[in-house]
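Since every read-out is calculated from the coordinates, none of them should be taken as a lab result. No experiment lies behind these values; they were computed from the predicted model shown. Cβ placement follows ideal geometry from the backbone for every residue including glycine, while neighbour counts extend to all protein chains displayed.
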Amino acid sequence: MSPDLAAKALDRELRPYPWYIAVGVGNADDDQPALFLYVKSGRHRKLKEVSRGWCGFKVIVEVTGAMRPLKRKRA
């Protein structure tokens, strides 16, 4: 399975959870393909399971907090 297909499968698995933001593909520190999982909070049982790996790929969990739009100043 390619990293892109693994990321799509992980996205389908986690999409129902409110703490999930997105999953991306990149290289880990060891230059091996990895899945980067972006979440609002890192305190969930499912994350413990997924952080062990997904479809043979390393999963790196990034806790970003809630996303919110940038406030722009009026010109």
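Rounded to the nearest 0.05, the FRET efficiency derived from the C-beta distance between residue 31 and residue 51 at R0 = 25 Å is 0.80.
Between residue 71 and residue 4, the modelled label-to-label distance comes to 4.0 nm, taking each label 7 Å out from Cα in the direction of the beta carbon.
The ellipsoid that matches the Cα gyration tensor of the chain has semi-axes, each √(5λ) in whole angstrom, of 25, 15, 12, with the longest given first.
Along region 31-41 the Karplus relation, 6.51 cos²θ - 1.76 cosθ + 1.60 evaluated at θ = phi - 60°, assigns HN-Hα couplings of 6, 9, x, 9, 9, 9, 9, 9, 9, 6, 8 Hz to successive residues, with x for each Gly and Pro. Taking label positions 7 Å along the Cα-Cβ direction at both residue 11 and residue 60, the computed distance is 1.9 nm, reported to one decimal. Close amide H partners of residue 58, meaning residues 5 or more places away or on another chain with modelled amide H under 5 Å apart, are 35.
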